[in-house]
Amino acid sequence: FAPLICYEAIFPGRIHPKGERPDWILAVTNDAWFGDTSGPRQHLDQARLRVIESGLPMARAANTGISALIDAAGRYRGRVPLYQAGVIDLALPRAARPTLYARIGDLGFWAMMIFAAAAGLSRTPKQDRPHATFARRD
């Protein structure tokens with residue numbers, strides 16, 4: 001498994017070293033410092049994005065909630081609400097095939113950036129074209 005501690009789950013592409021794909025992700029976090037804000041929900045949502053981008057299920061244990069078991073497609077199989085004690089007693093979902101992002105990482109992003117830069121630099125300045133004129137009716 002791939003252990004993530006606290007906020008490590010918010011960083012894309014950092015689940016596991018290249019070539020070493022685990023069967024699942026374990027995220028242990030202390031969300032108490034967020035208090036009763038949207039922070040715990042946002043932190044859970046960011047962890048869920050790591051699941052979707054990697055195709056790996058996640059067991060997330062948070063000391064103040066929200067704890068969850070998330071399958072490889074990002075669906076919640078079980079949840080313990082914020083500030084409630086509880087146990088999720090479910091079988092760990094199976095991992096999906098590696099997603100495109102899990103295989104190539106940020107390569108797609110950088111390819112699009114290079115393409116955009118090349119497209120922007122390849123444009124030639126506009127020739128002196130007559131501007132459209134509008135006749136004014138009185």
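Observations on the structure shown:
- Share antiparallel - DSSP beta bridges, the chain, percent rounded to 5: 45
- Nearest 10 degrees, 0 to 90: helix 39-54 Cα axis against the chain principal axis: 80
- When you filter the chymotrypsin sites (Phe, Trp or Tyr not before Pro) in segment 42-132 for DSSP loop state and at most 12 other Cβ atoms inside 10 Å of their Cβ, you are left with Y83.
- Mean residue ellipticity (222 nm) of the chain, computed from DSSP H runs ≥ 4 via -39,500 (n - 2.57), nearest 500: -8500 deg cm²/dmol
- Cα-based helix-to-principal-axis angle, 107-122 vs the chain, degrees rounded to 10: 10
- Sorting 53-65, 24-36 by average packing, meaning the other beta carbons within 10 Å per residue, from highest down gives 53-65, 24-36.
- In a fully extended conformation the segment linking R75 and V87 would gain 2.5 nm over its present Cα-Cα distance, using 0.36 nm per residue.
- Förster radius 35 Å - calculated FRET efficiency between A119 and E8, Cβ distance, rounded to 0.05: 0.45
Read-outs: derived from the displayed coordinates by stated rules, not from any lab. Please read all numbers here as calculations on a predicted model, not as lab measurements. Positions of Cβ are generated from backbone atoms using ideal geometry, with glycine treated the same way; all protein chains shown enter the neighbour counts.
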